[in-house]
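> One structure is given below, represented as structure tokens, and several questions about it will come after.
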Amino acid sequence: MPPYKANNMILFHIHDAQLVISNRRAIKKWIQGIIESHDKRTGDINIIFCRSDYLLELNKKYLEHDYYTDVITFPYSEEKKVSGDIFIDVDTVACNAETFRQSFGNELLRVMIHGVLHLLGLDDNNEENAHIMRKAEDTALTKITVDPVQ
């Protein structure tokens with residue numbers, strides 16, 4: 001018999017990065033709530049925390065972009081079920097936190113929900129869409145009070 005695989009899982013993975021994620025249950029509940037607020041349900045979502053060089057290679061290989069970024073999202077959603085892989089560069093998140101005068105934890109939450117919003121179909125490919133994305137991020141961030149890296 002094959003091993004049991006639960007549906008609707010949000011999993012955190014650390015790939016060659018110095019990071020410990022705290023409050024995982026609260027973060028998963030928050031993400032599920034945001035997905036449900038868009039009239040969708042949670043499928044399988046992997047959030048992979050990695051280093052800049054790894055994400056740069058993914059960016060080049062799969063998106064043909066030769067630049068650093070804080071997040072890349074690969075959606076595998078089906079109709080109302082939201083699934084996908086969200087790769088987050090913790091080095092770039094740390095730099096952005098400093099640039100935007102945010103705590104690392106707050107910036108990390110913003111990037112996590114940014115990836116989830118991409119899975120929900122939002123984009124930030126132009127100024128108007130970027131404004132909509134930022135507003136959705138800000139709204140989502142009002143719904144969580146935990147620190148992911150205590």
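Taken together, the values in this text are just the output of simple stated rules run on the coordinates, not laboratory data. Small disclaimer: the values here were computed from a predicted structure and weren't measured. Methodologically, a virtual Cβ is constructed for each residue, glycine included, from the backbone with ideal geometry; neighbour enumeration extends over all protein chains shown.
> Name every residue in segment 33-54 that is of a type outside the set (Ser, Thr, Tyr), exposed (fewer than 15 other Cβ atoms within 10 Å of the Cβ) and in a helix (DSSP H, G or I), in order of residue number.
Answer for segment 33-54, where residues must be of a type outside the set (Ser, Thr, Tyr), exposed (fewer than 15 other Cβ atoms within 10 Å of the Cβ) and in a helix (DSSP H, G or I): 33, 36, 53.
> Is there a residue being in contact with a helix residue (DSSP H, G or I) (Cβ under 7 Å, 6 or more places away or on another chain) and within 20 Å of residue 119 (Cα to Cα) anywhere in segment 12-19?
For segment 12-19, residues in contact with a helix residue (DSSP H, G or I) (Cβ under 7 Å, 6 or more places away or on another chain) and within 20 Å of residue 119 (Cα to Cα): present.
> Moving on. Just give me the residues in segment 122-134 being closer than 20 Å to residue 63 by Cα and touching a residue at least 12 places away in the same chain (Cβ under 8 Å), in sequence order.
Hit for segment 122-134 is 122, nothing else.
> Can you tell me which condition residue 8 does not meet? The list is (1) surrounded by 12 or more Cβ atoms within 10 Å (Cβ to Cβ); (2) of a type outside the set (Phe, Trp, Tyr); (3) part of a loop (DSSP other than H, G, I, E, B); (4) at negative phi, and all the others hold.
(4)
> List, please: which pairs have Cβ atoms under 9 Å, are six or more places apart or on different chains, and start with a residue in segment 8-32 that is in contact (Cβ under 8 Å) with a residue 40 or more places away in the chain and end with one that is surrounded by fewer than 17 Cβ atoms within 10 Å (Cβ to Cβ) and polar (S, T, N, Q)?
20/150; 22/150; 23/150; 26/145
> Can you find, within segment 13-32, the residue that is nearest to residue 82 (Cα to Cα) among those that are exposed (fewer than 13 other Cβ atoms within 10 Å of the Cβ) and of a type outside the set (Val, Ile, Thr)?
25
> Looking at 113, 88, which one is in contact with an Asp or Glu (Cβ under 9 Å, 6 or more places away or on another chain), buried (at least 16 other Cβ atoms within 10 Å of the Cβ) and in contact (Cβ under 8 Å) with a residue 60 or more places away in the chain?
When all the criteria are applied, what remains is 113.
Listed here are the residues, each with its yes/no results for (1) touching a residue at least 40 places away in the same chain (Cβ under 8 Å); (2) within 16 Å of the chain's Cα centre (by Cα).
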position	(1), (2)
55	no, yes
80	yes, no
92	yes, yes
99	no, no
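> Looking only at segment 55-68, how many residues end up being surrounded by fewer than 17 Cβ atoms within 10 Å (Cβ to Cβ) and either part of a helix (DSSP H, G or I) or of a type in the set (Ser, Thr, Tyr) (or both)?
Adding up the residues that qualify gives 7.
> With the condition kept exactly as written, say whether any residue in segment 125-135 is closer than 20 Å to residue 29 by Cα and hydrophobic (A, V, I, L, M, F, W, C).
So far as segment 125-135 goes, no, none of its residues is closer than 20 Å to residue 29 by Cα and hydrophobic (A, V, I, L, M, F, W, C).
Quick grid of which residues meet (1) in contact with a strand residue (DSSP E or B) (Cβ under 9 Å, 6 or more places away or on another chain); (2) aromatic (Phe, Trp, Tyr); (3) on the phi < 0 side of the Ramachandran plot:
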| residue | (1), (2), (3) |
| --- | --- |
| 51 | yes, no, yes |
| 66 | no, no, yes |
| 74 | yes, yes, yes |
| 83 | yes, no, yes |
| 96 | no, no, yes |
| 101 | no, no, no |
| 115 | yes, no, yes |
